[in-house]
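Student: Pasting in a structure now, in structure tokens, and then I'll have a few things to ask.
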Amino acid sequence: MAGSVLSAEALRVSLGPVDVLDGVSFSLARGETLGVVGESGCGKSMTALAAMGLLPQPHRLSGRLVFDGIELAGLDEASHRRLRGKRMAMIFQEPMTALNPVIPIGRQIAEMLEVHENASPTRARAQAVELLRQVGIASPAERAHATPHLLSGGMRQRAMIAMAIACRPDLLIADEPTTALDVSVQAQILDLLLELQRSQGMAMLFISHNLGVISAVSDQIMVMYAGRVAEIGPAADVLTRPGHPYTSGLMATMPDPSHRVAVLPTIEGQVPDLHHRLPGCAFAPRCPVAEARCHQAIPPMLGQHHQVACVRQDVAA
Ligand SMILES: Nc1ncnc2c1ncn2[C@@H]1O[C@H](COP(=O)(O)OP(=O)(O)OP(=O)(O)O)[C@@H](O)[C@H]1O
Ligand code: SF4
Ligand SMILES: [Mg+2]
């Protein structure tokens, strides 16, 4: 974990009786992107919210979660708030989660700089315009006066990104940042994030249910299922030699650009109800190669750099 910006070790988060995260471990190195993928409800957003200190209340958190040497588990709210915005920032699927619809975007960004960087109002205003230019907003000085509700979805997303990177955070968390956008705008926003990441050297935790998007941006990939890590490793290894049948299943649902199909294939079966966890591997009810032993104990994480939580790595695609 040395040198990592964000790392988790056996992280568990419980909301009431439900363990929404159950033994999650990963390490995100400075300047790298960890792509987090999995179907709806598998714990992607909970992982992000745990890092940001924005989990629903009340919750219980155990295990370790460390940001640049700072233990986040049990960190008081005031300290966590100081990290947010300045040293770690998050962009959401829906920009209105982070933007005030009726305050001009330039003003919102400038305020961020005044609060966290002690910038003077004049300098903050100039920097806000520069940030809007950086995220590809044309005529940024004029656009700075626009309120978010007057902007297009893509422009709002850019404004939220400008606000997130305003204080040059060490860690940017992007939770489905392109899902709500048109396909052409999606590609532009992905390119923008990658370019900003390279130029600023931020680490990025990039969340998507779309393995295609994840494969385009990630250095490392973490595949989550039912609040646990199914597989984690260097992106190229996970994509070319998936070790977990769930990863293989997700890959089979990726659209093949040479075949246009109306309905994408999905993995058969349902994601499990976390209120009623079964003993053993959470994927067992849907796994095409499950054996009796899979239903008995949670499979251990095997491997070094490329780790897989499956007892049958002999059969992976
Ligand atoms: N406020 C809440 N209270 C209780 N349980 C919740 C709450 N929010 C989410 N959950 C549960 O936590 C689990 C993990 O949810 P999470 O939002 O992390 O999923 P996700 O992987 O981000 O899914 P999606 O792709 O739909 O965004 C789910 O089972 C969900 O039902
Ligand atoms: S442990 Fe068993 S059920 Fe789980 S993914 Fe591997 S083979 Fe399938
Ligand atoms: Mg989510």
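Student: In angstroms, what radius of gyration and Dmax does the chain have, counting Cα atoms only?
Tutor: Calculated on Cα positions, Rg and Dmax stand at 20.2, 68 Å.
Student: Give a residue-ordered list of calculated ³J(HN,Hα) values for segment 39-46 (Karplus: 6.51 cos²θ - 1.76 cosθ + 1.60, θ = phi - 60°; whole Hz; x for Gly, Pro).
Tutor: 5, 4, x, 8, x, 5, 5, 4
Student: Next up: Mind running the shape call on segment 32-104? Use the C-alpha gyration tensor, a ≥ b ≥ c as the square roots of the eigenvalues: rounded below 1.5 for a/c, prolate if a/b tops b/c, oblate otherwise.
Tutor: On the way: a/c = 1.58, a/b = 1.18, b/c = 1.34.
It comes out oblate by the Cα gyration axes.
Student: Enter the angle in degrees (range 0 to 90, nearest 10) between the Cα long axis of helix 121-134 and the first principal axis of the Cα atoms of the chain, meaning the one along which they spread out most.
Tutor: The angle comes out near 50 degrees.
Student: I would also like to ask the following. Going out from 0 in 10 Å bins, what whole percent of all Cα-Cα distances in segment 1-56 drops into each bin?
Tutor: It works out to 22, 55, 21, 2, in whole percents.
Student: Would you calculate a helix-derived [θ] at 222 nm for the chain, using -39,500 (n - 2.57) for each DSSP H run of n ≥ 4 and dividing by the full residue count, to the nearest 500?
Tutor: On the way: 10 runs with 99 residues, N = 317.
Result for the chain: -9000 deg cm²/dmol, rounded to the nearest 500.
Student: Segment 136-199 to segment 1-70: how many Å between their Cα centroids?
Tutor: Taking the Cα centre of segment 1-70 as reference, the centre of segment 136-199 is 24 Å away.
Here, each number is a calculation from the coordinates, and none is a lab measurement. All of these numbers come straight from a predicted model, not from anything done at the bench.
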